[in-house]
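Here's the structure, in structure tokens; my notes come after.
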Amino acid sequence: MDSQDKKRQLIIDSAIKRFAHFGLSKTTMTEIASDLSMSKALLYYYFPDKISLYSAVLEHIINEIDRDLSKGVERIKSTEKAVVFVLEKRHEYILKYYTILDYIRTAASDLPENIQKIIENAKSSETRIITSILQRGIEKDELTIQDAEESSLLLMEALIGMRYITFSQHRNFQIHQDQLHSLLLRQKKLALIFLKGLR
């Protein structure tokens, strides 16, 4: 990592702390520059506005989740346990970064195009991980399906639909941890029913 990459990563790390504590709307670029003892001009050299910095933060978090999930599912032999692991680990990250991720929920259809693209990439990554789990299930004769990718897309659509229903009911105010926990329990039940149907 060269010095420019290191500086860029330092900015992202500082922004994560600020966004996680105060949220996107209550954080200013001046505060982030001050945290780093950096001039605003230098900060704007790396990130021309707060949304471009938020995009980099979001991409960083999604890459972290992807690495963690990919490593975790490799160690789990059971198809059901691996899918449940993905749901539980994802839930942990939502709780950890809730204040950062909440911008996506509240902005909804008004999200900038670059952030929409990052979210689509995140969905593709999650679908890829679920596909790999189902493919292993087929190879070990745990599942009787022909197309792991098609089944994982169906499961993902159902899980995303459950998230959408929960989040759309609370668009203008914060979702509490118990509501997120309830969503996780329902998603796990749905996933297990779905997997039983694939045996």
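The values are calculated or read from the model by the stated rules, or taken from the named source; none is laboratory data. Note that the structure is predicted; figures quoted are calculated from it, not measured. Cβ placement follows ideal geometry from the backbone for every residue including glycine, while neighbour counts extend to all protein chains displayed. We work out accessible area using only protein heavy atoms, side chains counted, and drop any ligands, DNA or RNA first. Shrake-Rupley method; radii C 1.70, N 1.55, O 1.52, S 1.80 Å.
Tabulated results
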read-out	value
Once the Cα gyration tensor of the stretch 68-161 is diagonalised, semi-axes √(5λ) in Å	27, 15, 10
Selected from 184, 63, 122, residue furthest toward positive end of dipole (the chain; charges at beta carbon)	184
At q = 0.23 Å⁻¹, base-10 log of I(q)/I(0) for the stretch 20-76 (Debye sum, equal scatterers on each alpha carbon)	-0.91
The stretch 112-199 - Kirkwood radius from inverse mean 1/r over Cα pairs (Å)	14.5 Å
The chain: relative contact order as a whole-number percent, Cα under 8 Å and 6+ apart	22 percent
Fraction of accessible area attributable to carbon and sulfur, the stretch 33-167 (%, probe 1.4 Å)	52 percent
Rg followed by Dmax, in Å, when the chain is reduced to its Cα trace	18.8, 59
Partners for residue 81 among lysines (Cα-Cα distance below 21 Å; same-chain residues under 8 apart left out)	71, 89, 123, 140, 188, 189, 196
Anchor residue 6: lysines whose Cα lies under 18 Å away (excluding residues fewer than 8 positions away in-chain)	17, 40
Size of electric dipole in the stretch 18-166: Cβ of Lys, Arg +1 and of Asp, Glu -1, about Cα centre, debye, nearest 20	480 debye
Set of aspartates and glutamates with alpha-carbon distance to residue 50 below 17 Å, sequence-local pairs under 8 removed	13, 31, 35, 59, 102, 110, 113
Neighbourhood charge, 13 Å Cβ-Cβ cut-off, centred on residue 157 and excluding it, Lys, Arg +1 and Asp, Glu -1	-1
